[in-house]
Amino acid sequence: MTMISKTLTLMLVATSLATSSAALAQQPAAIPHSPGKPYAAKGIPDRVVLTPGADPSTAMAVAWRTDVRQADTVAELAPAVDGPSIAAFAKPVAGASLDLTTDNGPSRYHHVRFEGLTPDTAYLYRVKGAEGWSEWLQFRTAAAEAKPFTFLYFGDTQNGILPIGSRVIRQAFMNTAAPALAVHAGDLVAQRDDLVHDDEWGEWTQAGGYAFAMVPQLPATGNHEYVDDIKPDGSELRRLGSHWTASFALPGNGATEAKSTTYFSDYQGVRFIVLDGTSAIDLGTLAQQSQWLDATLAASKADWNVVLFHQPIFTCARPNDTAELKAAWKPIFEKHNVDLVLQGHDHCYSRLTAEQGASDGRAKRASGAAQGPVYLVSVVGKKMYGLNDRAMIQPDKVAEDTELYQVFNVTPQTIGFRAFTASGKLYDSFDLTRTSDGKKLLVEQTEGLLPLRACKGAVGPDGAPCTASIKD
């Protein structure tokens, strides 16, 4: 081989290596499994999640997962007796199953509905796997009439679900006396960031543990519950991830074009209405959801109406509000005098009571004006966004680089709201009271609250580097 030939060969090899290296650099890194790969389906039931029926005084439902050896879907239901002989009182309840193959292999999800229950009554249930039953798990049906109760509200978990977000969820259940419900404002998982998708769902159910199996959960879909399918022309198409319909046995009484992700449930004087902002914006269901929302609010006989969805009407992080949802849903909320609008997506905290700004809202309340819808945004997981340029003047209270959970104490006349940081410190508080003439008044509580939590340049509110990134 001549010197020229050797030189050309070396150049071609170098070019080939460089091209290969560039191609590898452009390929996305493989998404990892959880250490030890703990989330493959087994013969013992796992991922047990309780959800309410449309009328949770007489109906509840449960979803769980097994391996595919468990051919039939069966639970056992018993009254909550005070001794250990539960099985003597138990009756089998059959349901339906669906198979799901993931990065962790094949699995089978099961749904059972408990119907014809007695209001305000404690029950025990267990669910079956090929190698045995779950433990007995207890729940209580709602009362048939309005009655005081407490519920929890969580924003996005999404990232760092088990290592970071779980402590917020567990702190909420440990520090709150007998919560009757828990609501989740979407992006329970990330779907495409930290771990293979099935592991994220494993982390989410592990984070809630037996609390998710004993306290009814009301979840809303976020954009991360959807999969981005790439079409041949390179464009993206949203598709609801298979884990959603597998993981929750929801009431199925929502908008026709978004029946898997919209629904309502009436709990002791409160109508909870769950919408799907992603489907509304990206899949063309906005008009149909809006009509259903209007009709569902018009038909409500509840003392209070609470709406739950993901993308916020008023954003605390992004440059612009969610224009499509704001134009369609805000007038319906105001028309029907909705009480609370619970949202996520922004990875910051915000309480907003007046679009014109916090000072305007406080001035109107001081003059005795009625309070309209209260808009809340919160976050549980580790991913944080920086506050936008309106955050210090439009909302009444905000937080940055802060994980929180929220507690609502409901009576027929009053909703008491308390927002706590991850370590259990009180951060925000108000009482919403309905007077005898139907007017709502909001009174802010100021005693014992933490001061504003926000980053100062590169330094976060805890003194560590700020993790909140600007959302543009």
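The values are calculated or read from the model by the stated rules, or taken from the named source; none is laboratory data. Note that the structure is a prediction, hence the values are computed from the model and not measured. Note that we place each Cβ from the backbone using ideal geometry, even for glycine, and neighbour counts take in every protein chain shown.
Just to be sure I understand, how many residues within segment 226-276 are in a strand (DSSP E or B), touching a helix residue (DSSP H, G or I) at 6+ places or on another chain (Cβ under 6 Å) and not aromatic (Phe, Trp, Tyr)?
Quick first cut of segment 226-276, residues in a strand (DSSP E or B) only: 226-230, 236-240, 263-267, 270-274.
Within this subset, residues satisfying the condition of being touching a helix residue (DSSP H, G or I) at 6+ places or on another chain (Cβ under 6 Å) are 226, 238, 264, 273.
Keeping just the survivors that are not aromatic (Phe, Trp, Tyr) gives 238, 273.
The total comes to 2.
Report whether or not Glu131 is of a type in the set (Asp, Glu), in contact (Cβ under 8 Å) with a residue 24 or more places away in the chain, more than 30 Å from Ser300 (Cα to Cα) and assigned by TED's automatic domain parsing to the domain that holds Val93.
Numbers: of a type in the set (Asp, Glu): yes; in contact (Cβ under 8 Å) with a residue 24 or more places away in the chain: yes; more than 30 Å from Ser300 (Cα to Cα): yes; assigned by TED's automatic domain parsing to the domain that holds Val93: yes.
Against the criterion (of a type in the set (Asp, Glu), in contact (Cβ under 8 Å) with a residue 24 or more places away in the chain, more than 30 Å from Ser300 (Cα to Cα) and assigned by TED's automatic domain parsing to the domain that holds Val93), Glu131 qualifies.
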Fill in the blank from the handout: Just one listed residue, out of Val62, Val68, is surrounded by fewer than 24 Cβ atoms within 10 Å (Cβ to Cβ) and either outside any strand (DSSP E or B) or outside the structural domain of Thr205 (by TED's automatic domain parsing) (or both), and it is Val68
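Per-residue answers, yes or no, for (1) closer than 30 Å to Asn320 by Cβ; (2) at pLDDT 95 or above; (3) surrounded by 13 or more Cβ atoms within 10 Å (Cβ to Cβ):
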position	(1), (2), (3)
Ser423	no, yes, no
Asp431	no, yes, yes
Thr435	no, no, no
Lys439	no, no, yes
Leu442	yes, yes, yes
Thr446	no, no, no
Leu450	yes, yes, yes
Gly457	yes, yes, no
Gly463	no, yes, no
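Only one residue in Gly368, Gly357, Gly344 is at negative phi and not charged (D, E, K, R). Which one? Steps first, answer last, please.
Values: Gly368 fails: at negative phi; Gly357 fails: at negative phi.
Every option except Gly344 fails the conditions.
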Exercise for the section: Go through segment 270-288 residue by residue and tally those that are out of contact with any Ser or Thr (no Cβ under 9 Å at 6 or more places or on another chain) and buried (at least 24 other Cβ atoms within 10 Å of the Cβ). Expected result: 1
Handout entry: Residue count, segment 386-420 (criterion: among the β-branched types (Val, Ile, Thr) and under 19 Å from Val270 (Cβ atoms))
Key = 5
Exercise for the section: Six or more apart or on different chains, Cβ under 7 Å: which pairs go from a residue in segment 285-305 that's under 15 Å from Val274 (Cβ atoms) and assigned by TED's automatic domain parsing to the domain that holds Ala255 to one that's of a type in the set (Phe, Trp, Tyr) and crowded, with 22+ Cβ neighbours inside 10 Å? Could you list them? Expected result: Ser290/Trp329; Leu293/Trp329; Thr296/Phe264
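Does Ser107 fit the bill of being in contact (Cβ under 8 Å) with a residue 60 or more places away in the chain, assigned to a strand (DSSP E or B) and surrounded by 13 or more Cβ atoms within 10 Å (Cβ to Cβ)? Give the derivation first.
Values: in contact (Cβ under 8 Å) with a residue 60 or more places away in the chain: yes; assigned to a strand (DSSP E or B): yes; surrounded by 13 or more Cβ atoms within 10 Å (Cβ to Cβ): yes.
In short, yes.
I'd like the full set of residues that are hydrophobic (A, V, I, L, M, F, W, C), in a loop (DSSP other than H, G, I, E, B) and within 16 Å of Leu50 (Cβ to Cβ), limited to segment 137-161. Can you show your working first?
Here is the first cut: in segment 137-161, the ones hydrophobic (A, V, I, L, M, F, W, C) are 137, 139, 142-144, 146, 149, 151-152, 154, 161.
Pick out the ones that are also in a loop (DSSP other than H, G, I, E, B) and you get 142-144, 146.
The answer is Ala142, and nothing else.
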Handout entry: Pair list, Cβ < 6 Å and 6+ apart or interchain, from segment 313-335 residues that are within 18 Å of Arg351 (Cα to Cα) to residues that are modelled with pLDDT under 95 and crowded, with 17+ Cβ neighbours inside 10 Å
Key = Ala317/Lys471; Arg318/Lys471
Problem - Hits in segment 289-334 - residues which are surrounded by fewer than 24 Cβ atoms within 10 Å (Cβ to Cβ), polar (S, T, N, Q) and within 26 Å of Gly269 (Cα to Cα) - result: Ser290, Gln291, Thr296, Ser300, Asn305
